[in-house]
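Asker: Handing you this structure, nothing more for now.
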Amino acid sequence: MRKLVYFVGVSVDGMMAGPAGEVDFYPVAPDMVAHLRSEFPETMPTHVRPHIGMSLDVPNKRYDTVVMGRGTYQPALDEGVASPYAHLRQYVVSRSLTGVADPAVTLVPGDPLALVRRLKAEEGGLDIWLCGGSDLAGQLLPEIDELVVKSYPVVAGGGLPMFTGGFAPRGFAPTDVLAFGHGTTITTYRPTT
């Protein structure tokens with residue numbers, strides 16, 4: 001069965017972004033960028049790849065599908081990009097969008113749990129990347145099979161948390177930790193409950 005993996009970057013205080021979606025306060029280091037390009041190439045948006053010296057035909061390594069909320073999709077739309085991850089099957093979960101301009105992006109106005117359960121049950125293929133945001137991650141918490149958390153050595157002091165929703169504790173245990181020169185760590189967690 002395919003896994004749902006929440007691959008996300010957060011500050012020390014658990015914020016994915018600032019109050020207005022800012023992420024430019026996260027420090028970046030060459031060794032981490034090299035690792036992400038090598039091990040998580042599909043998380044690099046298609047339209048960004050040429051600007052970072054990455055070929056458009058780099059094969060997917062871990063994920064073949066991305067699920068994201070409206071807030072995660074909106075920055076691409078603001079840049080005029082309707083298909084930010086053209087190298088993946090793309091699903092946007094939103095109750096407020098009435099349509100999408102690219103047939104490669106599937107709008108899901110309803111139950112994200114049903115969508116993810118259907119995707120996980122598909123035969124073969126790579127895993128499913130939960131790209132964000134907070135509300136969607138909170139709704140999908142029961143279906144998350146793995147967390148891959150880039151933890152940046154900065155306190156945001158406020159913003160968009162990794163999860164929102166009702167109080168529903170779920171245990172996870174770290175299985176792997178990588179540290180980079182500027183202090184960022186990437187920790188992989190798997191559910192304990």
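Asker: List every residue pair whose Cβ atoms sit under 8 Å apart, with the two residues 6 or more apart in sequence or on different chains, where the first one lies in region 43-54 and is without any contact (Cβ under 8 Å) to a residue 60 or more places away in the chain and the second, anywhere, is of a type in the set (S, T, N, Q) and surrounded by 10 or more Cβ atoms within 10 Å (Cβ to Cβ).
Answerer: What qualifies is THR46/SER83.
Asker: With the checklist (1) under 17 Å from SER134 (Cβ atoms); (2) part of a loop (DSSP other than H, G, I, E, B); (3) at pLDDT 95 or above in hand, flag the one item GLY21 doesn't pass.
Answerer: (3)
Asker: Could you check region 50-65 and list, in sequence order, the residues that are outside any loop (DSSP other than H, G, I, E, B) and either within 17 Å of GLN90 (Cα to Cα) or among the polar types (S, T, N, Q) (or both)? Let's see the steps before the verdict.
Answerer: Of all residues in region 50-65, those outside any loop (DSSP other than H, G, I, E, B) come to 50-52, 63-65.
TYR63, ASP64, THR65 - these are the residues of region 50-65 that are outside any loop (DSSP other than H, G, I, E, B) and either within 17 Å of GLN90 (Cα to Cα) or among the polar types (S, T, N, Q) (or both).
Asker: Can you tell me which residues in region 24-59 are touching a helix residue (DSSP H, G or I) at 6+ places or on another chain (Cβ under 9 Å) and of a type in the set (A, V, I, L, M)?
Answerer: VAL33, LEU36, MET44, ILE52, MET54, LEU56, VAL58
Asker: Could you please find all residues in region 1-12 being out of contact with any strand residue (DSSP E or B) (no Cβ under 9 Å at 6 or more places or on another chain) and either within 14 Å of GLY158 (Cα to Cα) or without any contact (Cβ under 8 Å) to a residue 40 or more places away in the chain (or both)? Walk me through how you get there before you give the answer.
Answerer: To start, the set of residues in region 1-12 that are out of contact with any strand residue (DSSP E or B) (no Cβ under 9 Å at 6 or more places or on another chain) comprises 1.
Hits for region 1-12: nothing passes.
Asker: Could you please find all residues in region 152-188 being buried (at least 18 other Cβ atoms within 10 Å of the Cβ) and part of a strand (DSSP E or B)? If you could, list the steps in order and put the result at the bottom.
Answerer: Residues of region 152-188 that are buried (at least 18 other Cβ atoms within 10 Å of the Cβ), as a first pass: 152, 156, 159-163, 180, 184, 186.
Hits for region 152-188 are LEU160, PRO161, ILE186.
Asker: Output yes when any residue across region 134-149 is part of a loop (DSSP other than H, G, I, E, B) and at pLDDT 95 or above, and no when none is. So that I can check it myself, show each step before the final result.
Answerer: Our first condition is that a residue be part of a loop (DSSP other than H, G, I, E, B); within region 134-149, this holds for 144-145.
In the following step, the residues that additionally are at pLDDT 95 or above were identified as 144-145.
Yes; the residues of region 134-149 include at least one that is part of a loop (DSSP other than H, G, I, E, B) and at pLDDT 95 or above.
The values are calculated or read from the model by the stated rules, or taken from the named source; none is laboratory data. Predicted, not measured: the structure shown is a model, and the values here were computed from it. A quick note on method: Cβ atoms are made from the backbone with ideal geometry, for glycine too, and the neighbour counts reach across all protein chains shown.
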